[in-house]
1. Would you grab the residues whose amide H sits under 5 Å from the one on Ser134? Only those 5+ places off in sequence or on another chain, please, with H modelled 1.01 Å from N.
2. Taking every pair of alpha-carbon atoms in the stretch 168-294, what share in percent sits in each 10 Å bin, from 0 to the bin with the longest distance?
3. Once phi is turned into ³J(HN,Hα) by the Karplus curve 6.51 cos²θ - 1.76 cosθ + 1.60 with θ = phi - 60°, what whole-Hz value does each residue of the stretch 273-289 show in order, with x for glycine and proline?
4. Cα convex hull of the stretch 118-217: how many Å³ per residue?
5. Size of the chain along its principal axes in angstrom, Cα-based, largest extent first?
6. Quick one: of the DSSP bridges fully inside the stretch 118-217, what percent are antiparallel, nearest 5?
7. Nearest 5 is fine: what % of DSSP beta bridges in the chain come out antiparallel, could you say?
8. Quote the relative contact order of the chain in percent (integer), defining contacts as alpha-carbon pairs under 8 Å separated by 6+ residues.
Amino acid sequence: MILNKRQLLGLSAGLAATATAGATTSPARARSGGAIKLGYSAWADAEFITKLAAKLIEDRLSTPVQLIQVDVAPLYQGLSRGDVDAMLMSWLPKTHADYWKRVENSVERLGTLYSGARLGWVVPKYVPESEVSSIADLAKPEVRSKLSGRIQGIEPGAGLTRLSKEAVEAYGLDYTLQESSEAAMLTTVDRAMRGDRWVVATAWSPHWMFGKYDLRYLADPKGALGGEEEVIALGRKDLGKDRPEVAAFLSRLNMPLDDLQSAMLVAQEDSYETAVAKYIEEHQRAVDGWFARS
């Protein structure tokens, strides 16, 4: 069932559902019975892990799932109001700190989905660490020359772009931050690496690019781009009481970042459905552990 924004004006959090799976019920406040509503934003990692969770809830717990795609701010609001049952994309302690402060007393913190999420700048691994190991090294004249004095960025409005501008200032770099798009950044990296040329680009983990390309982050001794984060599963208030099996599963759902990025690459090159099926088939022991009864 595909619902447009006008059809969802009655939903108290203003959620704009654009995709559903398993359930055909109309949106309503999350209840103790019926479909489980999983909310997510259109980020590759969030979409994969949410669709993985949906498939397993349906298959292992015989429970229908409705997927609701919406921007981050209304997603947090919808969770706090009980319009969605869970979200699997809360970046803490910093990236989503403002959202978390608004909802922490009205949601359940279920568990850590994966650790090591971060923002930063990357270079190909063939760029010698002896010459470029940190952002500070970009100030070297010979390094700047090889990089043409340019940092390949993404969208102007992105948080990573804002932080990257601040990093250029913090490190006193005579570089241009090329604002464009994620697609343009990936194209630039791809072309440079095909020719074994030096390139530096803004990036974040998890991302499928780390499964496709041999890249490494530059050290950020000033902490201008922030540190490592955890991605947390959050549930609406009383989810553990109302739907204990679902809450227990989401509390145990956890995967190494490398596994997630490999799965995201499969989704990028094929489909999320293929990536989910492949992951389940190749990680049966881990999946069984997520449903183990204590």
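Only the coordinates and a few stated rules stand behind these numbers; no lab work does. Please read these numbers as outputs of a predicted model, since none were measured by experiment. Ideal geometry is used to build each Cβ from the backbone, glycine not excepted, and the neighbour counts take in all protein chains shown.
1. Ala219
2. 10, 28, 30, 20, 10, 2
3. Result, ordered by residue: 4, 5, 4, 5, 4, 5, 4, 4, 5, 8, 10, 4, 5, 5, 4, 4, x Hz.
4. Details: hull volume 8.9 nm³, N = 100.
Expressed per residue, the convex hull around the Cα atoms of the stretch 118-217 is 89 Å³.
5. Per principal axis, max minus min of the Cα coordinates gives 64, 38, 35 Å.
6. On the way: 8 of 12 bridges.
So the antiparallel bridges amount to about 65 percent of the total.
7. Numbers: 21 of 33 bridges.
That works out to approximately 65 percent antiparallel.
8. Details: 534 pairs, mean separation 69.5, N = 294.
Here the relative contact order equals 24 percent.
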